[in-house]
Amino acid sequence: MNIVKEAKTFETISTEVLVVGVQKHREQMKNWSLFPAAFGEEIDVWLQAGDISSDEKKITKLPVVGKTVKRIVFVGIGEGKNVTEEVLRGAFGLVGKELKALKTGEYTIWLESFVTENISAEDVAFLAGEGTGLGFYSIPNYKTTSNVVDTYLDTVHFVTEANMDEVTSSYEVGLIYASAVNEARNLVNLPPNMLTATDLANYAVELGNQYDFEVEILNKAQMEELGMGGILSVNQGSSEEPRLITVKYQAKDKWEDVVGLVGKGVTYDTGGYSLKPREGMVGMKGDMGGAAAVLGAMKIIGETRPNKNVVAVIGSTDNMVSGTAFKPDDVITTYSGKTVEVLNTDAEGRLVLADAVTYAKQQGANYLIDVATLTGGVIVALGNDKTGALTNDEAFFEAFMEATIETGEFVWRLPLTESDKKRIRKSDMADLNNSPGRDGHMIFGGGFVGEFAEETPWIHLDIAGTSDAAAPHDLGPKGGTGAMVRTLACFIEQLAEA
Ligand code: BES
Ligand code: ZN
Ligand code: ZN
């Protein structure tokens, strides 16, 4: 994308779309009077009458006659001084959708119209890059009748008095965040026949080539050699090979103080012999949302290169039914050596994560964050707009929450008590069971993974509710959301700066 480094004025700008923030009290807005002076005093009248709205996230489009600006897109930001970054991000998401609908990749933002007491021009530029980049996204489809030529965001100009170097680099980072989320969305949205474990591993290899990461892919024979009974048992019914994907980003001379990001990469979850009902199965192509989140975060890390060692480990397979598939009542031995009585083959994610977590620790991870579409229970508990969390380390979790505040991705922690752990460890046959019951089962799912993190500081993120959107939202269409991509990357950046 061409981010034009030369600041424009209303006199020098030539553009498809000029984006203008509208605050309720325009007297608070810096240089407002320049605007009606350039585009006509009627604008103030229309604002007064409410024809152009200042309501939060309300868009008003205005064609312009006889100017080098073809149209103005007004975005309401309400009271202005109280506006949050989250509202601005959403507002720019809607701008991105407008640009997509107008099939234009070129636009101009008047930064000062969005600046408030608490939000600087640089902040606005970041949120604009992120928001428009996210809102502009659409899902690639396979319709034979589709003759739409896809447009891309290609050029942005700024009308501003702020420092252009700072503004343009902020915008650029915002756009890097958005592009990585969009790539994660693409992975989630891919049909399961087009994204097998092997395909996911190939994607990771490409990412490694692009950003100079060390990538290791373990195949089935190698996993058998190592005794990875968790992921292998889930894969047992499949004709597709599993993959254990490891991506290393070494920022420091020494490979120490390493953060491990662990993702569930189940490319399709039928439930196995504990088969999902037919309505529950549709959408299970997205059961690799955790893997997508981790890979998306690695893409941002590859671009921004924070000073923090990171290892990403993804366990990938599908969960299928066949004569060779694993069964309820099977007892398996995980890579850690811990044995598990399988009570439900649909509780497969925790088995995959068990081996991936053990492997991440072995690769030197001193901190662990696992991300997974793990349980329907998290949706029952928190709805579709909140990621559920567990932890074994208060301080680590608190630091993580700082990142969620920065990115606006809502995370809520649930408890993990000794009595919960007792139920995970209750089995006549093995060390653990994989399905202690349906009551509070988000906690059992995540808590099971925690058994493998052991004493390593650990955060579990259950994105079963947030990874896939049932309806369009401010920052994108329905489908894969790329949940946790931005927060994971932001957290790594914050740790690097700490
Ligand atoms: N992949 C599912 C969880 C899921 C549900 C993701 C809805 C996205 C949307 C997971 O493997 C699963 O089936 N979990 C079971 C666990 C149960 C058997 C203990 C569930 O949530 O019902
Ligand atoms: Zn399942
Ligand atoms: Zn699953």
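We did not get these values from a lab; they are worked out from the coordinates using the rules stated. Please read these numbers as outputs of a predicted model, since none were measured by experiment. Here the Cβ positions follow ideal geometry from the backbone for every residue, glycine too, while neighbour counts run over all protein chains shown.
Counting other C-beta atoms within 10 Å, which of His157, His25, His460 has the fewest, and how do the rest follow?
His25, His157, His460
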Region 2-182: antiparallel bridges as % of DSSP beta bridges, rounded to 5, reads 25
Might you report the magnitude of the Cβ-based charge dipole of the chain about its Cα centre, with Lys and Arg at +1 and Asp and Glu at -1, to the nearest 20 debye? 1100
Can you give me the span-like helices of the chain, meaning DSSP H runs with 30 Å or more of Cα extent along the axis and Kyte-Doolittle mean at or above 0.0? 164-189
Starting from the Cα gyration tensor of region 101-192, multiply each eigenvalue by 5, take the square root, and state the resulting semi-axes largest first in whole Å. 30, 15, 9
Sorting Val167, His473, Pro415 by the position of each Cα along the dipole of the chain (Lys, Arg +1; Asp, Glu -1; all at Cβ), the one nearest the positive end of that ordering is His473
For Lys338, counting only lysines whose alpha-carbon sits under 23 Å away and dropping same-chain residues fewer than eight positions off, the answer is Lys220, Lys264, Lys327, Lys361, Lys421, Lys422, Lys426
Region 2-182: radius of gyration over Cα atoms, expressed as a fraction of 2.2 N^0.38 Å: 0.99
Just to be sure I understand the model, the point goes 7 Å from the Cα along the line to the Cβ. What's the resulting Lys70 to Glu402 distance in nm? 4.5
If we count every other residue with Cβ under 14 angstrom of Ser33's Cβ, Lys/Arg +1 and Asp/Glu -1, where does the sum land? -2
Note down the net charge around Asn309, summing +1 for each Lys or Arg and -1 for each Asp or Glu among other residues with Cβ under 15 Å from its Cβ. -1
Counting each DSSP H run of 4 or more residues in the chain as -39500 (n - 2.57), what helix-only mean residue ellipticity at 222 nm follows after dividing by all residues, to the nearest 500 deg cm²/dmol? -11500 deg cm²/dmol
Treat the count of other C-beta atoms within 10 Å as a stand-in for reagent exposure and order Thr334, Thr339, Thr317 from fewest to most. Thr339, Thr334, Thr317
When the gyration tensor of the chain is built from Cα positions, what are the square roots of 5 times its three eigenvalues, in whole Å, from largest to smallest? 45, 22, 21
Order of Met223, Met194 under a 10 Å beta carbon neighbour criterion, fewest first: Met194, Met223
